There are 2 protein chains.
Amino acid sequence: MKNLNKYIDHTLLKPQAQQKDIEALCKEAKNHDFFAVCVNPHWVKLASSLLEGSDVAVCTVVGFPLGATLSTVKAFETRMCVDNGATEIDMVINIGAAKNGDWDLVQDDIATVVEAASGRLVKVILETCLLSPEEIKKASQAAMKAKAQYVKTSTGFSHEGATLEAVKIMKETVGDHLSVKASGGIRNYEDAIKMIEAGADRLGTSSGIAIVSSQ
Amino acid sequence: MKNLNKYIDHTLLKPQAQQKDIEALCKEAKNHDFFAVCVNPHWVKLASSLLEGSDVAVCTVVGFPLGATLSTVKAFETRMCVDNGATEIDMVINIGAAKNGDWDLVQDDIATVVEAASGRLVKVILETCLLSPEEIKKASQAAMKAKAQYVKTSTGFSHEGATLEAVKIMKETVGDHLSVKASGGIRNYEDAIKMIEAGADRLGTSSGIAIVSSQ
């Protein structure tokens, strides 16, 4: 598939990742011309400096992976990451509020991060394995109303990653208004193509090199 | 065992927890006179109001569960949680820095949270399953130097919880200077007693009722 590399957010979010691992990640992202790297907030400054002058974006995660912190904390974390060079913010929704049907709270939480991101791209992680199909739809609508740019399936830290079913529901709901990122458990070329065919515009994966190499 | 209930931090950190679950947790903690409840930051205000007038403490988690965010974000989250009524802060260390041997960074990160906690009790989560015995010792020393009150084994979100070996190393290292909290995978009375015999002063568990009921 043409430009498959540009679908890839080359991702390393393991808490035990060290500087040498982040350095390797950024080098690989440049070599394969991936869309972005995705790293924890502690590593944004390093990744940003290593990727300066390249066209690889610096994506980080906020309220990650539980989404159960305060909106003010998510906003503060977003501002710090933007200050350190993050160009994309992948935030986790308040999953408990979604399960409770508090959609106003879910939307306001997202909107707070969108505002703090000051125009940087915001991807809204739904953690679809914890939501019903109806909740996936409502959460996607909340992301649209809050003026985020993307909905994203998964953190990769819960019991299941992206499913075709979840990606399809998200794509049907957001149409052309938002983009869709599939993440979690995407390990090979076949997985990647299926997700793209289901509507994914971006793939979060730590297997990007294997995916583009087996075309 | 006498006062076993007072070893228990009655814990609910699942991201999908809803208001009714937190209400039940607080009610149970009062009924069984547990030491504390342990909830995500979003729920601190509710738990604090529900437990007002009781002697059950309100514990929350910071930089949780990856520990890979910025120290300034951990400090901000701590201050917000204290403002909302948290009396105990369980923070996750910068695990990547520990793996890299950057012990000054690990210590400074903890000290920033201790300062932000303004005298509230700080427990330092090492995530022992990701550390070697030597790293567990060094991380415990960093927590001592940073003037935290506790070292704690685990988040409960990695591949393994508390082990007797980890608790023993922590207890040997901190002696009587700090206390030790064992957490993750403590499901029954036998587990609890073994951890206490190994040196644990507090137990983080979602099985507190089963533990005290089977004495």
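The values are calculated or read from the model by the stated rules, or taken from the named source; none is laboratory data. Just so you know, these numbers come straight off a predicted model, no measurement behind them. With ideal geometry, Cβ positions are generated from the backbone for all residues, glycine too; neighbour counts draw on all protein chains shown. Each accessible area value is taken on the protein alone, full model and side chains, heavy atoms only, with ligands, DNA and RNA left out. Shrake-Rupley method; radii C 1.70, N 1.55, O 1.52, S 1.80 Å.
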Point to revise | Boolean, residue A:95 is crowded, with 23+ Cβ neighbours inside 10 Å, in contact with a Gly (Cβ under 7 Å, 6 or more places away or on another chain) and farther than 24 Å from residue A:58 by Cα | key: yes
Check your understanding: Restricting attention to the range B:1-48, and to residues there that are of a type in the set (S, T, N, Q) and closer than 27 Å to residue A:128 by Cα, which single residue is surrounded by the most Cβ atoms within 10 Å (Cβ to Cβ)?
Key -> B:11
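Picking from B:71, B:54, which residue would you name as being open to solvent by 10 Å² or more (accessible area, probe 1.4 Å), facing another protein chain (nearest Cβ under 9 Å) and more than 16 Å from the chain's Cα centre (by Cα)?
Being open to solvent by 10 Å² or more (accessible area, probe 1.4 Å), facing another protein chain (nearest Cβ under 9 Å) and more than 16 Å from the chain's Cα centre (by Cα) holds for just one of B:71, B:54, which is B:71.
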Check your understanding: What helices (runs of 4 or more DSSP H), lying completely within the range B:100-215, carry at least 3 residues that are under 24 Å from residue B:86 (Cα atoms)?
Key -> B:103-116, B:133-145
Check your understanding: Can you tell me which residues in the range A:157-205 are of a type in the set (A, V, I, L, M) and touching an Asp or Glu at 6+ places or on another chain (Cβ under 6 Å)?
Key -> A:180
Exercise for review: Could you name every one of the strands (runs of 3 or more DSSP E) located completely within the range B:1-90 that has at least 3 residues being among the β-branched types (Val, Ile, Thr)?
Suggested key: B:57-62
Exercise for review: Sort out which residues of the range A:162-190 are open to solvent by 10 Å² or more (accessible area, probe 1.4 Å), under 23 Å from residue A:24 (Cβ atoms) and of a type outside the set (Lys, Arg), and write them in order of number.
Suggested key: A:184, A:185, A:188, A:189
Review point. Identify, please: which residue in the range B:116-139 is surrounded by fewer than 24 Cβ atoms within 10 Å (Cβ to Cβ), closer than 22 Å to residue B:60 by Cα and of a type in the set (Gly, Ala, Ser) and is, among those, farthest from the other protein chains (Cβ to nearest Cβ)?
Key: B:119
